[in-house]
Amino acid sequence: MGQNRSQAARMTSPVRLIVVGAGCRGEIYSSFGSIHPERLKVVGVADPRKFARTKLQQQHNIVDENIFEDWHTMVDREKFADAVAICTPDRLHKEPAVAFAKKGYHVLLEKPMATTAEDCTAIVEACTQSGVMLSVGHVLRYDPVIHHIKELIDAGAIGDVMHIQHLEPVGFWHFAHSFVRGNWRNEEESSFALLAKSCHDIDLIHHWAGARRCLKVTSFGSVSHFGKKDKPAGAGNRCLDCSIEADCPYSARKIYMDRVKQGNTGWPVSVICPNSFPDIESVTEALETGPYGRCVYECDNDVCSNQVVNMEFEGGLTAAFSMVAFSEEICKRKTTIYGSKGELSCDGHEVRVFDFLTQRSTKHSPLSGAPRRFMSMSGHGGADYYLMDAFVSAVANNDPSLIRSGPEETLLSHLLVFEAERSRLEGRVVYCGELGHR
């Protein structure tokens, strides 16, 4: 990266970013430029939906010549930015990631990297061979609380890590929105749940394990409850026409209509109206005709609603992960890490360390300095802001060490996800070397 390094070292103007996929994630990442215009300028957008790309164009004053329906046309142009944020649907990650990397763009790639191990590997190889940086959207690595867990482990606060327990409670209505009615409901159209939702969590466990390689993995899980056999007597096919809707916790009227009546037009309401601003009229039409108004027991969902993964790492370290749809809390992970000298626990807000020698507990509450405006857009407690802060700084200074979710380690954690899913499907212990996991 010799030539790139000398150019980046002299970079005094804002990093120029183009966005491929102007949906929720693309809008969140690009909003960093609105908060820090001196550091980041969004100069182009590609999205087949006119409403989405026009919205981003207006937010960032992008010139008409840099607005594209198709990213292929964008990448065929002479390079006109420093980096690209790829926020397309999961199955459409690999092709643009490889193409823009070969064109010389640094790549911010929304998770998961891709939907097959082969495609993930191809992306890493393209970025490495092209001499560009790759940052994968494992935003939780940038969360101040979760990052502090890694710092405490590395500082020896609990001695050698012996066992990790990690829970992701997806949330009952969030799962219904995204994984029963929504974009990630069907594996053929998107990817399996462990990859789409919980690659964050497997990545964190892999990260906390440090240099220890995962040796073997088992997994169990299934689609529970959300099927035709579970449909209550008298229920309709759509929530707005259902006689028992008032007694259903998964009612689309409750999830969307009640929110827009209260003035909440952000996520998840904005998702169901991709071609217009959400209001009572547009939300009503979406629920009457679109996928988000369907009965949760009449959808084409086939991804797991609950899943467990057990892992054994070198040195005897074991780890257990659980993902469950049926929870009150929305994605507020809970972690307990047991060490030879102490126990660490985290509820998503605070880290508690119990020292075996002194038999005393110490509480750690890292504060997020992310702007309130950014945190209100994102569901990751400001972690999206810190991911963008790191990526923009890395590009501006040509310093990949600022990226916590770089290519090599992220690829390994993705391979572990694929191996866990193989175990679930084949009903057996999978030895990690079977997929070339090193």
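The values are calculated or read from the model by the stated rules, or taken from the named source; none is laboratory data. Computed from a predicted model, the values in this text were never measured in an experiment. Positions of Cβ are generated from backbone atoms using ideal geometry, with glycine treated the same way; all protein chains shown enter the neighbour counts. With ligands, DNA and RNA removed, areas are computed over all heavy atoms of the protein, side chains included. Shrake-Rupley method; radii C 1.70, N 1.55, O 1.52, S 1.80 Å.
Would you check if ALA81 is part of a helix (DSSP H, G or I), closer than 21 Å to ASP399 by Cα and in contact (Cβ under 8 Å) with a residue 12 or more places away in the chain?
Taking the combined requirement at face value, the residue does not satisfy it.
Scan (1) β-branched (Val, Ile, Thr); (2) farther than 25 Å from ILE158 by Cα; (3) part of a loop (DSSP other than H, G, I, E, B); (4) without any contact (Cβ under 8 Å) to a residue 60 or more places away in the chain for the single condition VAL296 breaks and write down its number.
Every condition holds for VAL296 apart from (4).
Pairs only if they're at least six apart or on different chains, beta carbon under 9 angstrom, first in the range 41-54 and closer than 18 Å to HIS72 by Cα, second among the aromatic types (Phe, Trp, Tyr) and exposed (fewer than 14 other Cβ atoms within 10 Å of the Cβ); list them, first residue then second.
As it stands, the answer is VAL43/PHE80; GLY44/PHE80, since those pairs meet every condition given.
Can you go through ILE146, ILE158, ILE86, ILE123 and tell me which one is over 29 Å from ASN183 (Cα atoms) and either in contact with a Leu (Cβ under 9 Å, 6 or more places away or on another chain) or not small (Gly, Ala, Ser) (or both)?
Just a single option satisfies the conditions, and that option is ILE158.
Any idea how many residues of the range 232-248 are out of contact with any helix residue (DSSP H, G or I) (no Cβ under 6 Å at 6 or more places or on another chain) and either open to solvent by 50 Å² or more (accessible area, probe 1.4 Å) or at pLDDT below 95 (or both)?
Residues that pass the stated criteria total 8.
Taking the range 267-289 only, how many residues are open to solvent by less than 50 Å² (accessible area, probe 1.4 Å) and under 26 Å from ALA233 (Cβ atoms)?
1
Checking SER190 against (1) open to solvent by less than 10 Å² (accessible area, probe 1.4 Å); (2) part of a loop (DSSP other than H, G, I, E, B); (3) in contact with a strand residue (DSSP E or B) (Cβ under 7 Å, 6 or more places away or on another chain), which single condition isn't satisfied?
(3)
Residues in the range 1-41 that are in contact with a Lys or Arg (Cβ under 9 Å, 6 or more places away or on another chain), at pLDDT 95 or above, farther than 16 Å from LEU387 by Cα and not charged (D, E, K, R): how many?
Residues flagged as in contact with a Lys or Arg (Cβ under 9 Å, 6 or more places away or on another chain), at pLDDT 95 or above, farther than 16 Å from LEU387 by Cα and not charged (D, E, K, R) within the range 1-41 amount to 2.
For the range 214-271, name all the residues that are touching a Lys or Arg at 6+ places or on another chain (Cβ under 8 Å) and among the small types (Gly, Ala, Ser).
Matches in the range 214-271: SER219, GLY221, ALA252.
Tally time: how many residues in the range 296-318 are open to solvent by less than 10 Å² (accessible area, probe 1.4 Å) and among the polar types (S, T, N, Q)?
The qualifying residues number 2.
Answer yes or no: is there a residue in the range 356-364 that is open to solvent by 40 Å² or more (accessible area, probe 1.4 Å), among the aliphatic types (A, V, I, L, M), in contact (Cβ under 8 Å) with a residue 60 or more places away in the chain and in a loop (DSSP other than H, G, I, E, B).
No, the range 356-364 contains no residue that is open to solvent by 40 Å² or more (accessible area, probe 1.4 Å), among the aliphatic types (A, V, I, L, M), in contact (Cβ under 8 Å) with a residue 60 or more places away in the chain and in a loop (DSSP other than H, G, I, E, B).
In the range 203-227, which residue that is part of a loop (DSSP other than H, G, I, E, B) and under 27 Å from PRO407 (Cβ atoms) is most open to solvent (accessible area, probe 1.4 Å)?
The selected residue is ALA211.
In the list LEU357, LEU344, which residue meets the criterion of being modelled with pLDDT of 95 or more and under 21 Å from GLU168 (Cβ atoms)?
Unique residue meeting the criteria: LEU344.
Evaluate the range 116-132: report whether one residue or more is touching a His at 6+ places or on another chain (Cβ under 8 Å), open to solvent by 30 Å² or more (accessible area, probe 1.4 Å) and farther than 30 Å from SER13 by Cα.
Yes, that holds for at least one residue.
Would a scan of the range 100-121 turn up a residue that is at pLDDT 95 or above, among the acidic types (Asp, Glu), in a helix (DSSP H, G or I) and within 18 Å of the chain's Cα centre (by Cα)?
Yes: the range 100-121 contains one or more residues that are at pLDDT 95 or above, among the acidic types (Asp, Glu), in a helix (DSSP H, G or I) and within 18 Å of the chain's Cα centre (by Cα).
Among ILE62, ILE67, ILE86, which is the only one that is among the aliphatic types (A, V, I, L, M), open to solvent by 20 Å² or more (accessible area, probe 1.4 Å) and at pLDDT 95 or above?
ILE67
Given the options GLU281, GLU343, GLU285, GLU328, name the one that is touching a helix residue (DSSP H, G or I) at 6+ places or on another chain (Cβ under 8 Å) and over 26 Å from VAL430 (Cα atoms).
It is GLU328.
Starting from the range 322-339, keep only residues that are of a type in the set (Gly, Ala, Ser), then list their pairs with residues that are open to solvent by less than 30 Å² (accessible area, probe 1.4 Å) whose Cβ atoms are within a distance under 6 Å, requiring at least 6 positions of separation or different chains.
What qualifies is ALA325/VAL170; ALA325/PHE175; ALA325/SER305; SER327/PRO169; SER327/GLY171; GLY339/ILE158; GLY339/GLY159; GLY339/VAL161.
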